[in-house]
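Report on one structure; see the data block that follows.
The values are calculated or read from the model by the stated rules, or taken from the named source; none is laboratory data. This is a predicted model, so every value here is computed, not measured. Cβ placement follows ideal geometry from the backbone for every residue including glycine, while neighbour counts extend to all protein chains displayed. Surface accessibility is based on the protein's heavy atoms, side chains included, excluding ligands, DNA and RNA. Shrake-Rupley method; radii C 1.70, N 1.55, O 1.52, S 1.80 Å.
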Amino acid sequence: MASGLETEFATLHEIVKAAKIRLSPNIWDYLIGGTETETTLRRNRLALDCIAFKPRVLRDVSKIDPSSEIFGRKIRLPVMLAPVGSLESFEPGGGITVARGAGAGNVPMLISSVTTLRLEDIVKGGTAPKIYQLYVRGDANWVVDRVKQAMDAGYDAFCITVDTQVYSRRERDIAKRFVKSWRTAAVGQDHQAAFSWADVAAVREKFPDVKFLLKGIGTAEDAEIACQHGMWAVYCSNHGGRQLDHGRGSAEVLPEVIDAVAGRAKVMVDGSFSRGSDIVKAIAMGADWVGLGRLYCYGLAAAGAAGIERVIELLEEEVREAMGLLGVTSLAQLDKSYISRSMPTNLTGVHSAFPLLNLEDEGY
């Protein structure tokens, strides 16, 4: 362990609790909230809770390797830090602090274009592999310029988010009359609304050597079209339940996306993945990497870069445990034979992966 937080944070729920204490109520609601009824947010967790393990026994699991690979580099776990807007609201260093935490934890990061920091400065902040994520806020030439700028700065791939054509109603914010400064400063939403498959094809043609991925794919049909457009990766996501309400949970969508991709592209997924067991479930279904959003932001808010590293350390412990008890020693051994549909047991919510948070009066 290298984070130095082993005593202070022995479990993930303690990091979540510390983040809530240290953030203002408005920023906390921004972090944990979803859109309107928050049905999609809860379904993200429900879809994971409906997956059970099928363990095998009497296998030699004395040496377990939970590592993965991306861009030809070995990484600690098959996870990456998903793009989150306005990281500066959780910790003053924002994206640079996240880059340091990702580097210390040896996992990749996607940096959101919703940041006050220059993308060139963020890429210098740490040693982790980095992907730049774009919200389209300009015309075709503007998008081309952003791709070129990111590639010149040293990013490994370029991600375009495609599920924000209409900005959603985040009622936690509306009810408290909380107006996010980064939203009032945002311009060019009409360009995102007009962005189409033809635009994807055009930018792909201009940069044939760039690894492109589309974030926000939620159906087999769109996964197929993404592959036809030569995407390096398909990112299965519903924006953490923060865009379309009454959508399906990401873990429910993932199998059809994987079937549609059929090995032609890499597959990433996010949506309430909060424990090591969740990561193992995604890999068993066939995903290549899992995106962590709220979870690493808890670490960021609780203890900066070291907090992010501690989140990764704890996830690694949980992944190793799940792998060993399933009877596998490498991620490559995982497949659908290790999982099954089952009934959930917890009341589903954004923090249902951390039941001890509901037992604070008992000393947790």
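Some points to look at:
- The condition of being touching a residue at least 24 places away in the same chain (Cβ under 8 Å) and surrounded by fewer than 24 Cβ atoms within 10 Å (Cβ to Cβ) holds for only one of 81, 110, 87, 117, that being 117.
- In region 50-70, residue nearest to residue 336 (Cα to Cα) [restricted to those that are in contact with a Pro (Cβ under 6 Å, 6 or more places away or on another chain) and of a type outside the set (Ser, Thr, Tyr)]: 50
- Qualifying residue in region 275-294 (condition: open to solvent by 10 Å² or more (accessible area, probe 1.4 Å) and in contact with a Ser or Thr (Cβ under 6 Å, 6 or more places away or on another chain)): no
- Yes/no for residue 206 being closer than 19 Å to residue 110 by Cα and open to solvent by 70 Å² or more (accessible area, probe 1.4 Å): no
- Filtering 10, 18, 52 for residues that are assigned to a helix (DSSP H, G or I) and modelled with pLDDT of 95 or more leaves a single hit, 18.
- Looking across region 24-40 at every residue that is in contact with an Asp or Glu (Cβ under 9 Å, 6 or more places away or on another chain) and not polar (S, T, N, Q), the one that is surrounded by the most Cβ atoms within 10 Å (Cβ to Cβ) is identified as 34.
- Members of region 190-203 that are over 22 Å from residue 115 (Cα atoms) and open to solvent by 60 Å² or more (accessible area, probe 1.4 Å): 194, 197, 198
- Any hit, region 172-189, residues being out of contact with any Leu (no Cβ under 8 Å at 6 or more places or on another chain), open to solvent by 20 Å² or more (accessible area, probe 1.4 Å), at positive phi and without any contact (Cβ under 8 Å) to a residue 12 or more places away in the chain: yes
- Residues in region 297-354 that are part of a helix (DSSP H, G or I), of a type in the set (A, V, I, L, M, F, W, C) and over 24 Å from residue 111 (Cα atoms): 319, 322, 323, 325, 326, 331, 332.
- Residues (assigned to a helix (DSSP H, G or I), farther than 21 Å from residue 319 by Cβ and open to solvent by 50 Å² or more (accessible area, probe 1.4 Å)) located in region 355-364: 358, 359, 360, 361, 362
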